[in-house]
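The values are calculated or read from the model by the stated rules, or taken from the named source; none is laboratory data. Treat the numbers as computed from the prediction; the structure is a model and nothing was measured. Counting neighbours? That spans all protein chains shown, and the Cβs are built from the backbone with ideal geometry, glycine included. Heavy atoms of the whole protein, side chains included, go into the accessibility calculation; ligands, DNA and RNA do not. Shrake-Rupley method; radii C 1.70, N 1.55, O 1.52, S 1.80 Å.
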Amino acid sequence: MDVPAIQGRSGLSLPAIGLGTYSLDGQAGVDAIVEAIGLGYRLLDSAFNYENEGAVGAAVRHCGLARQELIVTSKLPGRHHRFGDATTTIEESVLRMGLESIDLYLIHWPNPLEDHYVEAWSALIEARNRGMVRYIGVSNFLPAHLERLRLETGELPSVNQIELHPYFPQVDALAYHREHGVITESWSPLGRGSDLLVNPVIVTIAGEHQITPAQVVLAWHVHVGALPIPKSKSIERQRENLDIFDIELTAENFDLIGTLSRDDGRLADQDPSVYQEF
Ligand SMILES: NC(=O)c1ccc[n+]([C@@H]2O[C@H](COP(=O)([O-])OP(=O)(O)OC[C@H]3O[C@@H](n4cnc5c(N)ncnc54)[C@H](OP(=O)(O)O)[C@@H]3O)[C@@H](O)[C@H]2O)c1
């Protein structure tokens, strides 16, 4: 299946959908990721803390595609934000993947109470300049954290991967990203573990267009200009999630999906201004 591209700052071009890989690990994880690549997924998410950089790297090495056709992501955990630690961790990620370099490396959480994320960002810049990683970005950064990176290092991330789904549409973050050329990746795009996919608004729109609830939600991500990274271990659901770029929802459909927004829409109350993950 053909996947369109999204353009960002610094010449970064990403496929408009990626594969989430949280809990895809071990040999079953390798097999699921190789299947996804066979269907057409070219952007793979991962993180040092998912303990699956080995599975992701093995899938990339064994899938039969040339290395440059795939964009592999990993993320720096909060316990390694100090410059030296961050540098070693990035090197360790590259070694665990068994690849020459990682295409996209993100700071996983800002952990603002610890307040070492600017130092971590400097380490990512240095790793990029040394060729360990090709592009650098962040995850779970609020616009205020991004502004601080811009002011203190002169460089904004290419990507910010944030919680995004119809229950939590993050309109202000999307506006900041759009204004500054930062690509928004949506984590838990299908609202993992919530009732989003059985919500009557979503189910009714799915029936109207003869598509699945997951496809309605993923078409909404495309509509708001975000890049979803749905995770599935099933080849059928991987295929379904990829087959979204010809869906034409109506303005009325999008207005109805807009009514699902909730003030407390975060799935697990992880507000990056206070929540910290190590
Ligand atoms: N940066 C961060 O802090 C952060 C936080 C959370 C997640 N992430 C990343 O974002 C990725 C995606 O988020 P997520 O895994 O939390 O949640 P998600 O992608 O919203 O939902 C995944 C769940 O939905 C099911 N599913 C997938 N496709 C489906 C379909 N078409 N119909 C019905 N159910 C479907 C999956 O089950 P099956 O596998 O059985 O299909 C799985 O239980 C993660 O894997 C990870 O890579 C990043």
Determine one quarter of the surface area of the Cα convex hull of segment 141-260, which equals its mean projected area, and express it in nm² to one decimal.
7.9
So how much slack lies between A175 and D246, counting 0.36 nm per residue of separation and subtracting their Cα-Cα distance, in nm?
23.1 nm
Counting heavy atoms of the protein chains only and a 1.4 Å probe, report the per residue accessible area for segment 8-92 as a whole number of Å².
37
Relative to the longest principal Cα axis of the chain, at what angle does helix 26-39 sit, 0 to 90 degrees, rounded to 10?
60
Amide H partners (placed H, <5 Å) of L106, local residues excluded
S74, K75, L76, G137
So if we plug the beta-carbon distance of E155 and E100 into 1/(1 + (r/R0)^6) with R0 = 22 Å, what FRET efficiency do we get, rounded to 0.05?
0.40
Taking each pair of distinct Cα atoms in the chain once, what is the resulting Kirkwood hydrodynamic radius in Å?
18.9
Under a 1.4 Å probe, what is the accessible area of segment 112-177 per residue, stated in Å²?
36
Taking protein heavy atoms only, a 1.4 Å probe, and rounding to whole percent, the accessible area of the chain owed to carbon and sulfur comes out at 49
Cα-based helix-to-principal-axis angle, 213-223 vs the chain, degrees rounded to 10
60
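Summing -39500 (n - 2.57) over the DSSP H runs of n ≥ 4 in the chain and dividing by its residue number, what mean residue ellipticity at 222 nm do you reach, to the nearest 500 deg cm²/dmol?
After summing the helix terms and dividing by the residues of the chain, the value is -12000 deg cm²/dmol.
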Relative to the chain, whose Cα atoms define the longest principal axis, helix 117-130 and its Cα axis are tilted in degrees, nearest 10, by 80
Residue by residue through segment 142-147, which ³J(HN,Hα) values in whole Hz follow from phi under the Karplus form 6.51 cos²θ - 1.76 cosθ + 1.60 (θ = phi - 60°), with glycine and proline marked x?
7, x, 5, 5, 5, 4
At 7 Å along the Cα-to-beta-carbon direction for both S234 and L39, put a label point, then send me their distance in nm to one decimal.
1.0
Residues with amide H under 5 Å from that of E185, placed H, sequence gap 5 or more:
N160, Q161, I162, L227
Using only the alpha carbons of segment 71-150, determine the length spanned along each of the three principal axes and report them from longest to shortest in whole angstroms.
34, 21, 19
For the pair E69/A5, report the inter-label distance in nm, with labels modelled 7 Å from Cα in the Cβ direction.
1.6
